[in-house]
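Undergrad: The structure follows.
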Amino acid sequence: MLIQNYEEYQKAYEASVQDPEGFWAEIAANNFEWKKPWTKVLDWNFKEPKIQWFVGGKLNITENCLDRHVRDKPHQPAIIWEPNDPGEDSITLTYRQLFDRVCSFANVLKRNGVKKGDRVCIYMPMIPELAIATLACARIGAIHSVVFGGFSASSIADRINDSQCVAVITTDGAVRGNKSIPMKDTVDDALIGCPTVKKVIVATRTRTPVSMIKGRDVWWEEEVKFVNSDCPAEEMDSEDPLFILYTSGSTGKPKGVVHTCGGYMVYTAYTFMNVFQYKPGMIHFCTADIGWITGHSYIVYGPLACGAISLMFEGVPTYPDAGRFWEIVEKHRVNILYTAPTAIRSLMGFGTEYVEGKDLSSLKILGSVGEPINEEAWHWYSKNIGKDNCPVVDTWWQTETGGILISALAGITPLKPAWASLPLPGVQMLLVDENGKEITGGNVSGNLCIKFPWPATIRTTWGDHERCRTNYFAAYPNLYFTGDGAMRDENGFYRITGRVDDVLNVSGHRIGTAEVENAINMHTGVVESAVVGYPHDIKGQGIYAYVICESHANDLELTRKDILATVSRVIGPIAKPDKIQFVSGLPKTRSGKIMRRILRKIAEGETANLGDTSTLLDPNVVEEIKNGAQQMR
Ligand code: WTA
């Protein structure tokens, strides 16, 4: 499975295009355990879409992530957990220990009425129990829906109701940096509107007082006393859903991206091993939260399927100071560090004094994910963290793609700062113009599409297959459209330029402008709003909201704060606008469409050339907004 040099990469890529089915069948057969072999490698069309890999194959992903490693190397660490507070002990779970804990918690789920195919919402901080809970769901064939701990009660409720979850797994509270965060309280608020939830399982982290409703709420620690750790893995079909993960699109509420057992397993393991050139014994530290796809694929499933050592960190990069990541690298002798440009840029801002004196000599490979990495950050990372001795792989992918699609293979394929570089084997990228016509050659740019399925392609959006079709497969016939724009150089390297739709990427978090607008519009007195992104030094993109209020006589500073409170309440603190500009009107076309292009330019401070504004209903409004924006600067 491991590609060892550039020639092998080229051969693998070639083979994967000539004979995708043969290529993936060989990888799937030789590197994983199946309970029953598949009858057909691939069945697909992008029209419906219908994408099925390893059709008829039976497996359980946890047998691949746990059982086989328990047989081979029971005492090797599987997960190393580093707590928020450096004074607290870290925890190491060997494959044997992780296996036992997953199995006994799987029995707790069963004991609480959770069955194969049921949906389970997981709302937890980054503690080992989060990884255990996801794997326990997979063990019994329940479909997990992990909701990032920064989302509000109303976001949790939307997600629970969309997929009709029967149970929630959470903790009493959480600690992040010097903040103490309620978890169970937030779940309680969410559950007021969630009739399908019958059980709430609460693990202890902070032992803050929480309400525990008789018959519904149980303590994790108490429940495990009633079960043993003998839990045979449920036999799953390759195409049975493994999990749902909600993500923002350009319209409406977040959609539940569905990944299935077989293809997702094969693809995350294959990409983990090759991109990071994982060798046995290496310690891999992915700084993402398991609440996002990066955590699912490269903290839990990919690494564990490869029998790797995966480090998970509860805290934030700046607590107790901006040297925390480097301290963790030194303490645990981390070999692979996989983080986000926003973290690099923020740590860059603190200067190198927090890096100096830390022993980073264990590092071999550095990774970046989530948003375009600018050259300055790339070089800082390479020089100060990698000591010019570690390849920096810029990995491009999406929740919908399950795993990395474009990236260098560390030390194997050439690097080009700020370029994600080459597609991985099995990934057939192309660029198209607005009409869907392929743009060929080098030194070109266009919309990034894919013409052939890879094993971890999104299968559907939960409960609404049509939405999956219109979102990803309808823009251009027979192509998967990523929503990103990209450039391609003369060597076939790709550089992602960012979203071409109304999705923002704020500190690597995907947020739909429509979602933020809906939340702002829920605020009393707000008539209308328009949200756009603008370049932000650390976050990559900031959120800029233009808001029309009913009366301008109010205290606008207070209204601004109130609106932020409403957005926090409706979506979560991560969606709070960085800037709010009160306006009396928005630039609209005669048909009533908001001209976002103009609003974007004003937010970016590029007011000199706003383009043609003559088709606007009221061109004067642009002048007013421009002047208002200048005053805010
Ligand atoms: C962006 C995160 C540039 C992109 C794994 C994509 C990137 C969206 C990169 C998906 C990268 C992710 N370079 N842009 N290396 N990685 N993106 O679903 O716009 O949270 O469409 O998945 O993040 O975000 P998501």
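Undergrad: Let me have the relative contact order for the chain, percent, based on Cα pairs under 8 Å that are six or more residues apart.
TA: Relative contact order for the chain comes out at 12 percent.
Undergrad: With unit charges on the beta carbon (Lys/Arg positive, Asp/Glu negative), name the residue among P425, T318, A25 whose Cα is farthest towards the positive pole of the charge dipole of the chain.
TA: A25
Undergrad: How large is ³J(HN,Hα) for each residue in region 483-488, as worked out from phi by the Karplus curve 6.51 cos²θ - 1.76 cosθ + 1.60 (θ = phi - 60°), to whole Hz, x for Gly and Pro?
TA: x, 9, x, 8, 10, 10
Undergrad: Right, something else. Mind putting together the pair-distance distribution for region 503-632? All Cα pairs, 5 Å bins, whole percent per bin, short to long.
TA: Computed distribution, short to long bins: 2, 11, 21, 23, 21, 14, 6, 1.
Undergrad: Full-extension gain between Q631 and S584, please, as 0.36 nm times their residue separation minus the C-alpha to C-alpha distance. Walk me through the numbers on the way to the answer.
TA: Working: separation 47, 0.36 × 47 = 16.92 nm, distance 1.53 nm.
Going from the current span to full extension adds 15.4 nm.
Undergrad: Still on this structure: Express in nm, to one decimal, how much length is gained between N554 and E48 on full extension, taking 0.36 nm for each residue of separation and deducting their alpha carbon distance.
TA: 177.0 nm
Undergrad: At 7 Å along the Cα-to-beta-carbon direction for both I192 and K115, put a label point, then send me their distance in nm to one decimal.
TA: According to this spin-label approximation, the distance is 3.2 nm.
Undergrad: Rg and Dmax of region 444-545, Cα atoms, in Å?
TA: Spelled out, the Cα radius of gyration and Dmax of region 444-545 are 16.5, 54 Å.
Undergrad: If you don't mind, another one. With +1 on the Cβ of every Lys and Arg and -1 on the Cβ of every Asp and Glu, and nothing else charged, how large is the dipole of region 503-632 about its Cα centre, in debye rounded to the nearest 20? The partial results should precede the final answer.
TA: Details: 15 positive and 15 negative charges, 80 e Å.
Charge dipole of region 503-632: 380 debye, to the nearest 20.
Undergrad: Give, as ranges by residue number, the residues of region 513-531 whose backbone N falls under 19 Å from the point 7 Å along Cα→Cβ of A474.
TA: 513-515
Undergrad: A further question on this structure: Please compute the modelled spin-label separation between N161 and N389, points set 7 Å along Cα→Cβ, answer in nm with one decimal.
TA: Here the modelled spin labels are 5.6 nm apart.
Undergrad: To continue, here is another question. Return a whole-number percent for the relative contact order of region 503-632, with Cα pairs under 8 Å and 6 or more residues apart as the contact set.
TA: With pairs under 8 Å counted, the relative contact order is 22 percent.
Undergrad: What whole-number value in Å² describes the accessible area per residue of the chain for a 1.4 Å probe?
TA: With all protein chains present, the chain gives 38 Å² per residue.
Undergrad: Moving to a separate point now. Using Cβ-Cβ distances only, list the Cys residues of the chain with no partner cysteine under 4.7 Å, sorted by number.
TA: Lacking a cysteine Cβ partner under 4.7 Å: C65, C137, C194, C261, C286, C306, C390, C449, C468, C549.
Undergrad: I'd like to know which of H509, A408, L245 lies farthest towards the positive end of the charge dipole of the chain, counting +1 on Cβ of Lys and Arg and -1 on Cβ of Asp and Glu.
TA: L245
Undergrad: Efficiency by 1/(1 + (r/R0)^6): what FRET value for E88 and L415, r their Cβ-Cβ distance, R0 = 30 Å, to the nearest 0.05?
TA: 0.20
Undergrad: Let me know the Kirkwood hydrodynamic radius for the chain, please, with Cα pairs as the basis and the value in Å to one decimal. Before the final figure, lay out the partial values.
TA: Working: mean 1/r = 0.0395 Å⁻¹.
That comes to 25.3 Å for the chain.
Undergrad: Right, another one. Under a point spin-label approximation (7 Å from Cα along Cα-to-Cβ), what is the E14-H75 distance to one decimal in nm?
TA: With each label placed 7 Å out from Cα toward Cβ, I get 4.6 nm.
Undergrad: For S211 and Q4, calculate 0.36 nm times their separation in residues minus their Cα-Cα distance, and state this gained length in nm to one decimal.
TA: 69.1 nm
Undergrad: Quick one: of the DSSP bridges fully inside the chain, what percent are antiparallel, nearest 5?
TA: 60
The values are calculated or read from the model by the stated rules, or taken from the named source; none is laboratory data. Just so we're clear, the structure is a prediction, and the values are computed from it rather than from any experiment. When we count neighbours, we look across all protein chains shown, and the Cβ atoms used for this are built from the backbone with ideal geometry, even at glycine. When the accessible area is computed, the model is the full protein with side chains, heavy atoms only, and any ligands, DNA or RNA have been set aside. Shrake-Rupley method; radii C 1.70, N 1.55, O 1.52, S 1.80 Å.
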